[in-house]
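Enquirer: Supplied in structure tokens, the structure appears directly below.
A short reminder: the numbers here are calculations on the coordinates, not readings from a lab. Note that this is a predicted model, so its numbers are computed, not measured. Cβ atoms come from the backbone with ideal geometry, glycine included; neighbour counts cover every protein chain shown.
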Amino acid sequence: MPAPWTYEAAKARIAEIEADVKAASAALQSFPRGPNGLTPDAVKFSPEFKAARHAYEVAADQLRGANESFVRQFRKEIRAERRNRRA
């Protein structure tokens, strides 16, 4: 995240990205699974599954990067918020 973000704006952006990850995960979970819980190869090689998996991986990578920047940039604010919640 760029430096001019405020703490609240950054939290809101991370919440948006988390919603994207949750939606992409739900789309990926909608594909059929075998009796052992694994996705069959026929499904894995379908274009729909590949697109859903790619969307999930992109969203998860965005979340990972955003969280990394967020924690680094707003370390003090995160600690203060945790302290206030516990009190």
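Enquirer: So what's the back-of-envelope 222 nm ellipticity for the chain, counting only DSSP H runs of four-plus at -39500 (n - 2.57) apiece and dividing by all residues, rounded to 500?
Expert: Details: 4 runs with 66 residues, N = 87.
After summing the helix terms and dividing by residue count, I get -25500 deg cm²/dmol.
Enquirer: Please give me, ordered by residue number, the chymotrypsin sites (Phe, Trp or Tyr not before Pro) of segment 8-64 that lie in loop per DSSP and have at most 12 other Cβ atoms within 10 Å.
Expert: On the way: sites: Phe45, Phe49, Tyr56; in loops: Phe45.
In loop regions of segment 8-64 (DSSP not H, G, I, E or B), the sparsely surrounded chymotrypsin sites (Phe, Trp or Tyr not before Pro) are Phe45.
Enquirer: Continuing with this model, one more query. For the chain, modelled as a GNM with alpha-carbon contacts under 10 angstrom, which of Asp41, Asp61, Asp20 fluctuates the most?
Expert: Asp41
Enquirer: Which angle from 0 to 90°, rounded to the nearest 10, does the C-alpha axis of helix 47-73 make with the longest principal axis of the chain?
Expert: 10 degrees
Enquirer: Here is a further query. Quick one: angle between helix 7-29 and the longest Cα principal axis of the chain, in degrees between 0 and 90, rounded to 10, please.
Expert: So the inclination is approximately 10 degrees.
Enquirer: Would you check the chain for Lys pairs whose C-alpha atoms are within less than 20 Å, ignoring same-chain pairs closer than 8 in sequence, and give me the count?
Expert: Numbers: Lys11/Lys22; Lys11/Lys76; Lys22/Lys44; Lys22/Lys50.
Lysine pairs satisfying the spacing and distance rule in the chain number 4.
Enquirer: Once the piece of chain linking Ala87 and Gln29 is laid out straight, how much longer is it, given 0.36 nm per residue of separation minus the C-alpha distance between them?
Expert: Working: separation 58, 0.36 × 58 = 20.88 nm, distance 3.86 nm.
Result for the pair: 17.0 nm of gain on full extension.
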